[in-house]
Amino acid sequence: MTGAPISPRALATAVAALVALLAAGVLTLGVGGAEPAAAQPGCSSGPFVFDAAEQGRQRAFEARLGQGADLPALGFHTTALDVTATLHAATHAYVVVFYRPGSETPALKALAADATAFKVPLIVAPREQQAALVAIAQGTRLECAAPRVDSVRALAAGMYADLAA
């Protein structure tokens, strides 16, 4: 019996399924702290999985990591960061928070200061996006219509209990 070669699309689907399975395993087994809280009013949450194009960018970034490619600096940023590098940080147990440019940021700055004090790897950066706030942690994507930092704290507390509200 002669089999047909695996198509790039089938391979990408298999890789996406593996990433989702690994993320589910991390969520099930945990990496510390409590389970992520349910999304608050005005927010929705669901799994965070790379599409095939982003998987390719992530593999290329990983291959260059430490050789010209680095993860972004921790803390609060007022200018946009390289999206591929920032998303890659989320695969290394960072909490990544994107806010819409022009948003009020005092609560986000306070969150970043708390994270720094507790040595929690957290990145907060502006990004052109429809949602006011998007946070990624532990394979979960939280999207809020308003900058709900309490929801981000609840999500992050699943990994880093010190950030609980």
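The values are calculated or read from the model by the stated rules, or taken from the named source; none is laboratory data. A quick note: this is a predicted structure, and the numbers were derived from the prediction, not measured. Quick reminder, even Gly has a Cβ in these numbers, built from the backbone with ideal geometry, and neighbours come from all protein chains shown. Accessible surface is based on the protein model in full, side chains and every heavy atom, while ligands, DNA and RNA are left aside. Shrake-Rupley method; radii C 1.70, N 1.55, O 1.52, S 1.80 Å.
Note on GLU62/THR116: beta-carbon distance plugged into 1/(1 + (r/R0)^6) with R0 of 25 Å gives a FRET efficiency of 0.45. The local environment of GLN58, defined by Cβ-Cβ distances under 15 Å, has a net charge of -2 under the rule Lys, Arg +1 and Asp, Glu -1. Solvent-accessible surface of region 45-165, averaged per residue with a 1.4 angstrom probe and all protein chains in place: 46 square angstrom. Taking a point 7 Å from the Cα of GLU128 along the Cα-to-Cβ direction, the residues of region 78-94 with backbone N closer than 17 Å to it are 79-84.
Here the accessible area is traced with a 1.4 Å probe on the protein chains. For region 50-165, carbon and sulfur cover 54 percent of it.
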